[in-house]
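All remarks here apply to the structure that follows.
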Amino acid sequence: MPRLLSVLFNLYWAAWTALFLAPLVVLAIAGAPERPIRAATRLWARGILFGLHRIVGLTYVEEGRERIPAEPCLIVANHQSAWETLAFLIMIPDVAIVAKRELVAIPVVGWFLRRSPMIIIDRTNGSQALRTMIDQSRAAIAQGRSVLMFPEGTRGEIGTPVQFKRGVELLYGKLGLKVLPVAVNSGLFWPTGGSAKRPGTVVVRYLDALAPGLAAGDFMRGTQEAIDRELDRWRPATL
């Protein structure tokens, strides 16, 4: 049954996405204004989460929203599936997500994501990717937007300890912002490399913010260990 429901959801995903072709044309003719595009992107993401809820039976709950800083911050989350990329567009409105270039190759959706704007980097071009990430993150912050990064660089299994790439350390040092660690257990319901989605409730847990200006080692340990402690609560369910 989960596989059949996943197929039905994928058909819904394709149909819902196709509806945004007409708005794409209109917004492109209008000069691709950022705010309407971000609103359309959030509407698209809401529709996907609605389909997950009604077709698959997959919903979510947020814990600790009171820990989200009032000012723009650097949000650091573990990455287990496509779910969190979609959901953060709703949970943190106007967030600027650091994403790999392959994401914007998706038909229709990619056009909206690139112009939302997300922070798109080409990981094959290391030094240029870092400069792009820093410059565009600073531009987003100047607009009053928080920046979200998945520092593992790829989707990980819920049973595997998080291991951040060094790019997040550099971004932390350059931006001088509070850091909000976030733990997500979406991998229990949308496994890495799997097409089947399972019913259940994804938990998104916002943790205590870290201050700016920490030593690089303290920052990396503080974020990784905070997220890992939360993931340990969910890992026995996968054994």
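Extension gain, Arg233-His53: 0.36 nm per intervening residue step, less the Cα-Cα distance, totals 62.4 nm. Residue exposure proxy: Ile97, Ile119, Ile106, Ile90, ordered by other Cβ atoms within 10 angstrom of their Cβ from fewest to most, comes out as Ile106, Ile90, Ile119, Ile97. Were the residues from Lys165 through Ala39 laid out at 0.36 nm apart, the gain over their Cα-Cα distance would be 42.3 nm. I'd like the distance separating the alpha-carbon centroids of the stretch 184-234 and the stretch 135-174, in whole Å. Answer, in whole Å: 13. Residue separation of Asn125 and Lys100 scaled by 0.36 nm, minus their Cα-Cα distance, works out to 7.9 nm of gained length.
Helices in the chain, meaning DSSP H runs of at least 4 residues, each add -39500 (n - 2.57). Divided by all residues, the mean residue ellipticity at 222 nm is -14000 deg cm²/dmol.
The phi torsions of the stretch 28-36, fed into the Karplus equation with coefficients 6.51, -1.76 and 1.60 and a -60° offset, translate into couplings of 5, 5, 7, x, 6, x, 5, 5, x Hz, rounded to whole numbers, with Gly and Pro shown as x. I need the Debye-formula profile for the chain: one equal scatterer per C-alpha, no solvent, reported as log10 I(q)/I(0) at q = 0.15 1/Å, two decimals. For the chain, the Cα-only Debye profile gives -1.08.
Every number here is computed from the coordinates shown, using simple stated rules; none is lab data. This structure is a prediction, so every number in the text was calculated from the model and none was measured. Cβ atoms come from the backbone with ideal geometry, glycine included; neighbour counts cover every protein chain shown.
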